Ligand SMILES: [Zn+2]
């Protein structure tokens, strides 16, 4: 996987950073749409979506928390599957693909957590933005290993 | 019943690169176990080590979440379409239990 590169247009990088800043101290999330080829993935658009953890009841129905005391929209995100299905459908109809997802880590480094790993899917790019005291900082991208044992770092470049 | 199972992009590589698979089954549970018997690499992504459907796997039967039907015991009709929709979730480590 190491030579596969994710290309993200500067406009989409800006969308992600702005979303991370505006959502602080909560986590933000969104969908990366573009084209996948042999040389890697090229994002064309970052589509912000709501963090369903803000609607705790509905989120718990879909994916219950292990600890209601320590898990919330400040350290968890969940994408509404209905939104996801809608965007996936639109994306396919326009000849594009969902390449992956982004989310922010408020006051935490841009490194995948064990929770990210446990809930990750192979192939997708997982872009993580660190937002420290409200300021967007490092942004990284990761791909889950096929055996689910961890993530490989995925180099990304802006263009 | 002959039904179609729609495979999401991240799992196609484990299902012979197909985006859907025809399978014969009487319930959603039978369809999913038939699928993972045929494509064993799919199993770890859909089921826990104990053989339970992972909580972050959404299964839709003809656009209806099976949680609103009879879960994996939902009976199937000919030409039903089962869609596996990955839940997209994550987050930074929570304090206390550091996950
Ligand atoms: Zn995370």
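Other chains' Cβ within 10 Å of A:112-125 residues: what's the mean? Let's see the in-between values first.
Numbers: counts 4, 7, 5, 9, 6, 2, 6, 9, 7, 10, 8, 7, 5, 0.
Mean partner-chain Cβ count within 10 Å for A:112-125: 6.
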Which FRET efficiency value, to the nearest 0.05, do you get for residue B:71 and residue A:21 by plugging their Cβ-Cβ distance into 1/(1 + (r/R0)^6) with R0 = 41 Å? 0.55
Pick from B:34, B:26, B:51 the residue whose mean-square fluctuation is largest in a GNM of chain B, springs joining Cα atoms under 10 Å. B:51
Rounded to the nearest 500 deg cm²/dmol, what is the calculated helix-only ellipticity per residue at 222 nm for the protein assembly as shown, with -39500 (n - 2.57) per DSSP H run of length n ≥ 4? -6000 deg cm²/dmol
Just checking the output field for B:81-87: average partner chain Cβ neighbours within 10 Å of each residue's Cβ? 4
Going 7 Å from the Cα of residue A:153 in the Cα-to-Cβ direction, what parts of region A:105-136 have a backbone nitrogen less than 13 Å from that spot? A:110-112
Alpha carbon centre of region A:39-106 versus region B:1-57: separation in Å? 22 Å
If you line up the long axis of helix A:10-23 against the longest principal axis of chain A, both from Cα atoms, how many degrees apart are they, to the nearest 10? 0 degrees
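Report the FRET efficiency, 1/(1 + (r/R0)^6), for residue A:146 and residue B:48, where r is their Cβ-Cβ distance and R0 is 22 Å, rounded to 0.05. Let's see the in-between values first.
Numbers: r = 17 Å, r/R0 = 0.79.
That pair, residue A:146 with residue B:48, gives E of 0.80.
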Taking 30 Å as R0, compute the FRET efficiency from the Cβ-Cβ separation of residue B:13 and residue A:14 and round it to 0.05. 0.40
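For chain B, what is the Kirkwood hydrodynamic radius in Å, using each pair of distinct C-alpha atoms? Don't skip to the end; give the middle numbers.
On the way: mean 1/r = 0.0707 Å⁻¹.
With all distinct Cα pairs of chain B included, I get 14.1 Å.
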Helix A:81-93 axis, angle to chain A major axis (alpha carbon atoms, nearest 10°): 10 degrees
Cα-only radius of gyration and Dmax that characterise chain A, units Å: 14.9, 44
Please figure out what share of the DSSP beta bridges in the protein assembly as shown is antiparallel and state it in percent, rounded to the nearest 5. 70 percent
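We did not get these values from a lab; they are worked out from the coordinates using the rules stated. The structure presented is a predicted model; accordingly, all values stated were derived computationally and were not measured. Counting neighbours? That spans all protein chains shown, and the Cβs are built from the backbone with ideal geometry, glycine included.
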